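Below is one structure, written out as structure tokens; the observations come after it.
Coordinate-derived values only; no laboratory data. All values reported here derive from a predicted model rather than from experimental measurement. A quick note on method: Cβ atoms are made from the backbone with ideal geometry, for glycine too, and the neighbour counts reach across all protein chains shown.
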Amino acid sequence: MLSVKLNIPLARIAARRAACLGLLVLLGCFALTPESHARRKDKARHGRIEISTSPGGYPVLIDGRPAGETTASVRLIELEPGTHTVEIQFPNGARWVREFVVQAGRRECIALSYRPRTVTIPRPVLSPCPYPVNVSAPAVVNDGDIVAFSADVDYQGASKLNYTWSVSPSSARIIGGAGTPSISVDSTGLGRQRVTAVLTVDDGSGDATCRREAQASTSVLVQTPLPTGPRRFDEFPSVAFDDDKARLDNLAIELQNNPGAIGYVIVYGGRHSRAGQAEMLGERTRNYLVDTRGIEASRVQIVNGGYRERAAYELWLLPPGAQPPPPTPTVQRNEAPSSTGPSTRPRRR
């Protein structure tokens, strides 16, 4: 900001002329210098420009050529009569430029006060939007399970968030958590379908970037009910014990995967087997499943099923409460190598 100060004797005020010369207000003056008649005559060929700035030290250009710097006290610059351009250069590219008609024996006064204008630039308010929103859910559930959908929202603002959930298909039902970051959905009757939950979050500001949406889906399976009756797992003739063990290994794995089931083994002697063959095979089978494969003894039942043409095994899985299957011998008792007939009573260790 520039202002002008005039310091001219009141006696000369009638001879002065004023002009706007400052950035804000500039007053210029000219007057005969209070000098002796002889001195005026000596210098009647020149005019003067008196320059002062507060503070001093700013470059001065006369007619585009450097002319030193301003001072806080009055600085006199003599010029030939005629039109001259005076330029004073201030910081940050600010310039003061005026054109004067200099007359011989007269002076022009320039007094400027430079006050830089302070501009305060407000710091922009950073918006917390947009912000990430993620919804998680289990990949698979069984029909009738409760599905939990949970949101992870990374919002750094101060506003309270609003949570709006919607679920599909239309038969899906929110049973808890509406209006919160987590909900529970009942999947009863939704077997072989996908349950999708869509979450809309907003901070109430009305800013479109502060309204976020995310979703997740869960597949609902139809759980196959366990069989209520005995299930035949395998049936094979006894060739060699190493071969028999490979088939018994499969039964052991099935029992480990179905902890509620019982392994029911019916052992048959062959038509031409020695007496007691079925009992020997049964005992060997029990020891292998319990001692080697680690199946609980209470979950292994061995039954002497009588005789067939060749020594053989029937492997069954019994769900809890299921009735065991009866033996199916193919060789009559009187054709067996001993008087030992089929026994349907399981041997327990």
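Multiplying the residue separation of VAL140 and ALA72 by 0.36 nm and subtracting their alpha-carbon distance yields 15.9 nm.
Ranked by how many other Cβ atoms sit within 10 Å of their own Cβ, fewest first, the residues HIS46, HIS272 fall in the order HIS272, HIS46. Taking other Cβ atoms within 10 Å as a rough exposure proxy, SER298, SER184 sort from fewest to most as SER298, SER184.
Whole-Hz Karplus values for the range 126-142 come out as 6, 7, x, 10, x, 9, x, 10, 10, 10, 10, 7, x, 5, 9, 9, 8 Hz, taken residue by residue from phi with 6.51 cos²θ - 1.76 cosθ + 1.60 and θ = phi - 60°; glycine and proline positions read x.
Based on the alpha-carbon gyration tensor of the range 144-233 and its eigenvalue square roots a ≥ b ≥ c, which shape applies: rounded if a/c is under 1.5, prolate if not and a/b is larger than b/c, or oblate? Prolate, since a/c reaches 1.5 and a/b exceeds b/c.
Each part reduced to its alpha carbon centroid, the range 42-98 and the range 165-233 end up 83 Å apart. Using only the Cα atoms of the range 60-173, build the gyration tensor, take square roots of its eigenvalues as a ≥ b ≥ c, and label the shape rounded, prolate or oblate: rounded if a/c is under 1.5, else prolate if a/b is larger than b/c, else oblate. Verdict is prolate for the range 60-173. Taking the number of Cβ atoms within 10 Å of each Cβ as an exposure proxy, the fewest-first ranking of LEU318, LEU281 is LEU318, LEU281.
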